[in-house]
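Worksheet: one structure, shown below.
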Amino acid sequence: MALINVANLKPGGMGSLGGDQLEWLEDDLKGRPSSQPIVVFAHMPLWTVYADWGWGTDDAAQALSHLKRFGSVTVLNGHIHQITQKVEGNIAFHTARSTAFPQPVGGQGPSPGPLKAPAGQLRSMLGITTATLVRGHAPIALIDQTLAT
């Protein structure tokens, strides 16, 4: 499922899902068995990576409360343009590199935004993530690759 957490974004603020979307999520998940694997796509992280730069979603806890009963939940997002991973119970969070420009690690610089990289290193700082699901009991395979050859 895809969640929109940037529609009402305020400069420097956290992402927000809003009441209508949280209600939709709760209703959509009600009839699903807890054994069903769930994959969630969002632009901004659904966990707070770095609050001072707005790298998180202020009402993510409400969304995640609806997902906790499922045995396998994978949450994928971008926005911070770097790979960061975390697992909380049965929920695996994974952010991806950018295909446009790198950003500094949260707090390592004056603000988020394009990070100047030497031309020879730029392709190694950009990349794509491939997600592969094989039916069975294995988690989703996430493979991060840089654009460098």
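Summary table below
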quantity: Beta bridges per DSSP with both ends in the stretch 2-117, % antiparallel, nearest 5; calculated: 30 percent
quantity: Full-extension gain in nm, L142 to K30, via 0.36 nm per residue minus C-alpha separation; calculated: 37.6 nm
quantity: Long-range amide H partners of I38 with built H, under 5 Å; calculated: S72, V73, T74
quantity: Highest to lowest packing among 112-124, 49-61, scored as the average C-beta count within 10 Å; calculated: 49-61, 112-124
quantity: Diffusion coefficient, µm² s⁻¹, Stokes-Einstein with Kirkwood Rh over alpha-carbon pairs of the chain at 25 °C and 0.890 mPa s; calculated: 150 µm²/s
quantity: Fewest-first sequence of F101, F93 by Cβ atoms within 10 Å of each Cβ; calculated: F101, F93
quantity: Sequence-separation-based contact order of the stretch 2-117, relative, with Cα cut under 8 Å and 6+ spacing, percent; calculated: 22 percent
quantity: Added length on full extension, which subtracts the Cα-Cα distance from 0.36 nm per residue, N90 to E23; calculated: 21.9 nm
quantity: Label-point separation in nm, A117 to A51, each point 7 Å along Cα→Cβ; calculated: 3.0 nm
quantity: Candidate lysines for bridging to K86, where Cα separation is under 20 Å - those fewer than 8 sequence places away on the same chain excluded; calculated: K68
quantity: Cα centre as origin, Lys/Arg/Asp/Glu Cβ charges: the stretch 1-122 dipole, Debye; calculated: 420 debye
quantity: Whole-angstrom gap from the stretch 25-49 to the stretch 106-138, using each part's C-alpha centre; calculated: 23 Å
quantity: Other-chain or far-sequence residues with amide H under 5 Å of G127's (modelled H); calculated: S98, T99, L147
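Read-outs: derived from the displayed coordinates by stated rules, not from any lab. Predicted, not measured: the structure shown is a model, and the values here were computed from it. Glycine also receives a Cβ, built like all others from the backbone with ideal geometry; neighbour counts cover every protein chain displayed.
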